[in-house]
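Working notes, structure below.
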Amino acid sequence: MARRKTFGQMVQALVRKHVWAMDVHPSAWIAPTALIDRTWPRGVHIAADVIIGEEVVLLTHDLTRGLYLDTRVGAGTLVGPRAIILPGITVGADCVIQPGALVNRDVPDGHVAEGNPAVVRPR
């Protein structure tokens, strides 16, 4: 089921694409309060039909170590509210990131990540 986007979300999507040059599929639904990293915006890759919940933090950089890495979220993935995805992480297709999870390792296709640090298990 596709979620309806507000006017603000449509404007944010245009800014992400044309100003920040982020790779975000048009069918992705991103909550207005989600914090998508703008320090290395070209490192953001969000596939089709992804839902990113309220206050999610998706990082592509770590200034303390001087890292600028690509962070990817696969098609059909649901990222719960207040989850944190660290730089350089690849979340596979059809995954579920539970609310509040700290994802510090790659998540294979069709898996669930929960906890802090996230424990990855099959669906």
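Values in this text are rule-based calculations from the coordinates and carry no lab data. Quantities reported herein were computed from a predicted structural model and do not represent experimental measurements. Cβ placement follows ideal geometry from the backbone for every residue including glycine, while neighbour counts extend to all protein chains displayed.
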Dividing the convex hull volume of the Cα atoms of the chain by its residue count, what figure in Å³ per residue is obtained?
86
Within region 7-122, the percent of DSSP beta bridges that are antiparallel, given to the nearest 5, stands at 20
Taking the beta-carbon count within 10 Å as an exposure proxy, list Thr77, Thr64 from fewest neighbours to most.
Thr64, Thr77
Counting helices only, and only those DSSP H runs with n ≥ 4, report the 222 nm mean residue ellipticity of the chain as the sum of -39,500 (n - 2.57) divided by its residues, in deg cm²/dmol to the nearest 500.
-1500 deg cm²/dmol
Say R0 is 22 Å: what FRET efficiency, to the nearest 0.05, do Ser27 and Phe7 get from their beta-carbon distance?
0.80
Ascending count of other beta-carbon atoms within 10 Å, so fewest first, for Lys5, Lys17
Lys17, Lys5
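Is there a quick way to get the dipole size of region 7-122? I mean about its Cα centre, with the Cβ of Lys and Arg at +1 and of Asp and Glu at -1; what is the value in debye to the nearest 20? The partial results should precede the final answer.
On the way: 9 positive and 11 negative charges, 52 e Å.
Using only the charged Cβ atoms, the result is roughly 240 debye.
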In whole Hz and in residue order, list the ³J(HN,Hα) couplings for region 47-59 that follow from phi through the Karplus curve 6.51 cos²θ - 1.76 cosθ + 1.60, θ = phi - 60°; x for Gly and Pro.
7, 5, 6, 7, 10, 10, x, 4, 6, 6, 10, 10, 9
Once you keep just the Cα pairs under 8 angstrom separated by 6 or more residues, what percentage relative contact order results for region 7-122?
17
Where Rh denotes the Kirkwood radius from the mean inverse Cα pair distance, what is Rg over Rh for region 55-123?
0.96
Gain in length, Val15 to Asn116, computed as 0.36 nm per residue apart minus the alpha-carbon separation, to one decimal in nm?
33.2 nm
